Every structure is written in C-alpha cells, then in structure tokens.
1. For a 25 Å ceiling on Cα separation, which of these pairs sit above it: Lys32/Lys310; Lys352/Lys667; Lys122/Lys144; Lys134/Lys154?
2. Within 10 Å, count the other beta carbons around each residue, average over each peptide in 528-539, 594-605, 236-247, and list them highest first.
3. Using a Förster distance of 22 Å, how high is the FRET efficiency between Lys352 and Ile644, based on the Cβ-Cβ distance and rounded to 0.05?
4. How much net charge surrounds Leu457 when only the other residues with a Cβ under 10 Å from the Cβ of Leu457 are counted, with Lys and Arg +1 and Asp and Glu -1?
5. Any idea what the dipole of segment 31-159 comes to, in debye rounded to 20, about its Cα centre with Lys/Arg Cβ at +1 and Asp/Glu Cβ at -1?
6. Show me 143-150, 546-553 ranked by packing, highest mean number of other Cβ atoms within 10 Å first.
7. How would you rank 59-67, 131-139, highest first, on the average number of other Cβ atoms within 10 Å across their residues?
8. Mind giving me the nanometre distance, one decimal, between the label points for His217 and Thr571, set 7 Å out from Cα along Cα→Cβ?
Amino acid sequence: MIEDAGRVDAGLGADEFHLVSARPVTDPILAKILVVDDDPRNLIAVEEVLRSPGVEIVTADSGESALRRVLQDDFAAILLDVQMPRMDGYEVASLIRNRPRSSRVPILFLTAFNKDDMHVFKGYSAGAVDYVFKPIEPLILKSKVDIFVDLYRKTEEIRRQAEQERHLLMDNLRVRSEKLKAEQALRRREEHQAIVLQSLPIALYTASVQKDHRQLHFTNESIERISGFRPEAFLERSDFWSSRINDEDRDRILNELKRLEEEGFVSLEYRWLCADGVERYFLDQTVLMRDDEGRPREFFGMWFDITERKQMEQNLLHASKLEAVGRLTGGIAHDFNNMLSVVIGNLDLLKKSIQGNEKAERRVRMAMESAQHCADLTYRLLTFSRRQALQVSTINVMSLMPSLLELMRRTLGENINASVRADDNIWPIQVDRAQFEAALLNLAVNARDAMPDGGDLTITVANQTVEEGKSLPRGDYVEIAVQDTGIGMPPEVLAKVFEPFFTTKESGKGTGLGLSMVYGFVQQCHGRVEVDSAQNVGTTIRIFLPRSYEIAEDTSNNHTGVTTPFGEGRTILVVEDNPAVRQVATSTLHSLGFTVHEAENGDEAARILKKTRDISLVLSDVRMPGDLSGVDLARLIQQEHPEIQVLLTTGYFDGEETLNDLNLLYKPYRATDLAEKIQDLMKLPEIVELESVTARPEAAVA
C-alpha cells in the first residue's frame, strides 16, 4: 500500500492537491460467539470453555433475547440450545437464517435429547451446520468453534482487504479528477504519479462522450502489462473493447453503461479476452467528468485486474461444495455400508445353497452386482470428499501398466487405440493401489466417451523435478498424463470439471463423480491434477504424485478367492454391535470351518478374551458403543494378547483415530475378501484357488 504518497509542504496554494492513500488495516479482528441456553449454568460452563484472547462470548437465556442480539451484532458462530421454553432452537435457527445479514452465520445445536436421526435431520433443515451433544466434551466443542472463528477472521480479513482496495481505487479516481482540473499541480506530480501507477495492476483511460462506442484512450503503459495490448490497439477499431468481452457478460455490461451519463458513475465486472488468448476478470470503474458549466466533457475510468481474487472465490466455493457433500456422505456411509454388508454377505451365503439352479443363480448374481455398485458409489463419494482412509503402499507405476492397459483395452473397445509411453527408471510413488488404478481407469473411460467415433488414448509417464515458482511445492514428482484426441471441453465446462455431480453425459449415464474422485484421491496423496483441453483437438489430464524414496513392493503376486473351508481347529471372536452384520460374519466364518464366539461391543470382547484362551483372531468393527472402540480393543489385544491377530472392519473412516499398523477391511466385503485377509493374517496355506469375485476395477468408474 501507498502511504503519504502525495504529502506536500504547508506553503502550497489552494489549487494544489493531495493524493490520499489507503493505509493497511491493523485493528485486530474480534470474533463474537453467541451462546443461547435457558440454563445459566450451561452458559457459564460454555463461556469458560470458549474464553480465549480475541474472542468475546455473548450469552442469551432465551430465543427472543438471542434474536435481539443477532440484530445488534455480527457473530462468528452461534451455539444454540434445542430445548427452550416459548421458542425452541429450531424456530430460532429458522428466524436467524431468514435474515439476510445473519443467514450465513454457522449455527451449532447443543442438546442432551433428540439424538435420533429425525431430530438431527430437522436441525440441519433448520439451518444448523453441526450438533454437539451434552454432556459437552470441552475439547471437541472448542475445536469446532475454533474452526468457525478462524473462518470468520479470514473472511473478515478478506472483506477488509477488499474494502481497502476499493478505497484505494476511489481515492485515486478522485485524485486523478483533481489533477485534470489542476494542470500546474499535475505537471509537478506527473513523475510521482507514474511511479505509483506502475506499481499497481491498474490502467487509466479516458473516453469521449460524443460517441456511442468506447474507444479507450489509455493514459499510461500499464495496459500492455495487464492485457498484452498496447494503448494504440484500443483506438484502431471502434468495437475493439466490446468485441473481446465474454459473450455471457456483453449484454449486461452494455446495458449498465447506458446509465453512466445519467448517474455519473458505474462499476463493472466482466471477463475480457487478453492478447495471450486467456480471459481475465477486470473491475472497470468509470466516472463522468463535467466542465465548469456542468456539461459532460469526457469519461474517465480505471481498469483493475481482479482475476486472482475471483480465483480465490471460486476455490473457496469449490472447497465448500466438497465439504458439504463430504459431511453428507460421512453421515450416511457407516450405516449404509453396514446394510450393504448384510445384503452382500447373505447373497454370498445364499449362492452356496442354490448351486445348480441357473435361474436362482442369475438372480443372485444380478442382486450382487447391484449391491456392489451401491458400495462403489459410496466409496467414490468418500474418496472425492477425502474422507476415505488410504491403504498406502510404495509401488512402481510401470509394473502396474501392462495389466491395467489390458483392462483398459477390454473396457474401451476396439475403436480406441490405447498406448503407454514412459521414461526410463520411473521413480516409485506412495499411493493406495486400488484407488490409483480406479483413477486411471476413470480417466480412460471419460476419454472414451469424448471420442464417440474412436481415437487415440495415450498414457505418458515421466519423472518431473519441480522448481520454485510452480503450482506445486519444490521437489520430485511422477507425472502421469492421460491424453485423448476427442471433442475437448469448452471453457465453461472446464471450469466445473472437478465439481461433484457435474456431468455432461445424458441422464442415467454418469454420476458426475469420476473426475471428482480423481481430484480427491490426488489431493489425499499431496499431489496435483491439471487439465488442458481444446474443442475438437482433445484433452490432456496430468496427475503429479510425489516421488517415494522407499523400495517399491512386489505387485506380481495377486491373491485369488478361496471358498473351501480352511479354519478347522481355530477360533475367531467376532465383535460387532449391529446384530445383522454380526450374524452374517459369523455364518461366513462358520462356512470356512472356524469356531466363532460373538460380542456386541469392545467391553464384552475384553471379558471374553480374559476367559477364553483358544482365540486365534479377533474380527472387530471400528465404531462401537461403550468405553472400548474397535481401535481401543486392538491396542489392548496388542499389549495383553500379542499372539492374537486383529482384523478391523468399518463402513466409514474419517481419520479421527489413527490406525497405523492395524489391519483394516472395508465394508461391505465379500466372503472371499474376508477369507483372503484371514489367510494372510494367520499365515494359513491356500487350500483351493477359485475365480476371484472381488469388486472389479470397472465398478469404480463413474
């Protein structure tokens, strides 16, 4: 920012002028938290938990009092008790949401009751962003509120910065108009003003009021740095400026300009095509200058490049969409995958009892495929929202390519020519192998859909060293580029390509999660994905994944399904709070020859382990009621019963607990998946090898 840019001596005459500068805002940002509860003890307790420097706690003991507070102040977050006399929390939240000024304030419901799904859904429908159940865990409450306080401060900081920029622009416009009236002062300060303007992404211009078009006379050379065009280019054609406005913005901008002569000032935001072929966002502010008799003389305006600010807004919007869908997915994934576990497990068991009945086998196979598609959809939702734990291993990309290329060729069809190009000695990477293969297959299928008449699909693998100044942190990366010769994407589609549920395919032919899944997977791997596309030329999607300095694992030994009983003489303890899921797991293990004990929760499992000495493996859910979660139970077994193997299962993992060296099997799983995992853990010999019925990679394609 510029400070005292136009300071002059006290002896200057009345015709002299001052360039008023905008000074940076240094006042600390105070975040106010409104806590609403009819019990004064709860108010005192919450206030003690949340008190911290820079945070002011405002309390209210009723819904009416809370609404009065909301009318008076702006809050970073509102903690709202659900059960209150006269006006409950749902009604208060709805009234707060209906008021424009407070419609975006995050509301967290505090409740000791109404924990069922219906009331929780009612709370979210009323406008809540989260629930905190009583008795309140201080650390959890403070952590959640700190997130909203930090977001409020960042938002307020951006708002202050934008206000500061606006003041700077207005001050410079006013100063410039004064310069045009004071020729003598303008001559003395011409050099200083040029230095100021050269340091800012601003271009000044004048335009005649006698013509219908806008031939802009730029008064400084900044326009070439901003747009790539020299000032003379704007004078060569009368429609040069208007012809390069984005088609979607042109009519709106031209209509707003019609008000300029009447109102004397207009502020425009539009996309404009620069000399390098890139559209940039510009803030164009124009004022009408009048002569001494009040007659219109000319227009004076300023161009300001706001592309980076717009990009930040779009990134924030995209992150908000991911977070919203991620919250929704996380809320349903656990229960949904538990239900699918029951369906898939019983279908596996039913399949054995109907062998030889072709009609019944066909129906079971169709039901199994549909259940697997449901499981894959949930998996993709969790993946792109980055709420799915990765099962990371160090792999050599080129060792996967032969089998993956063969699968692609079968999937893509004969009219797609798929090939792989690679540098020598490609570095290893650390990724979830299944997600990596699914991501590349997703990109290949999207490329196929972009080439309805056939074409070339080329996968290029190369080592890349990124230096400072790039979009990636400095370091070594493996670049995987998937290039097609398809129809390409227009700019409006390219801008939304990673948004969840966005698809250009016909209804029923795509979920809009394919590229979103790829985006989420790459972000989890601390990489980056870039897209280049031109209509009727093709699309190239580049994935950059960090190099690993560990030795790549051998991926050539693929397991096959085992269904013949191999567990005679061994005992497994199944720990699962869902009775249906527990019954399916128990039946599956019985069919594999194991003796099975059952427990509803971790506490009961710990008691059984103390009394029973012949248990070889514990199969436990991660999320369970009681004092011991699945992870806690696994740690207890590692300490007190190191000879017992532990296999954890879960339908949803949000990263709140660290699994580290624990073994994990995601729900819903097939009987063969469970058998293979147990066989690996217990170091049992393979009895019979059958065709693998694990989920095909094709099933992960959106």
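Every read-out reported here was derived from the displayed coordinates using simple, explicitly stated rules and does not represent laboratory data. Since the model is a prediction, treat every value here as computed from it, not as a measurement. Glycine gets a Cβ as well: all are built from the backbone with ideal geometry, and neighbour counts include every protein chain shown.
1. Flagged as over cut-off: Lys32/Lys310; Lys134/Lys154.
2. 594-605, 528-539, 236-247
3. My answer for the efficiency is 0.15.
4. 0
5. For this selection, approximately 380 debye.
6. Ranking the peptides 143-150, 546-553 by packing returns 143-150, 546-553.
7. Result, highest mean Cβ count within 10 Å first: 59-67, 131-139.
8. 9.8
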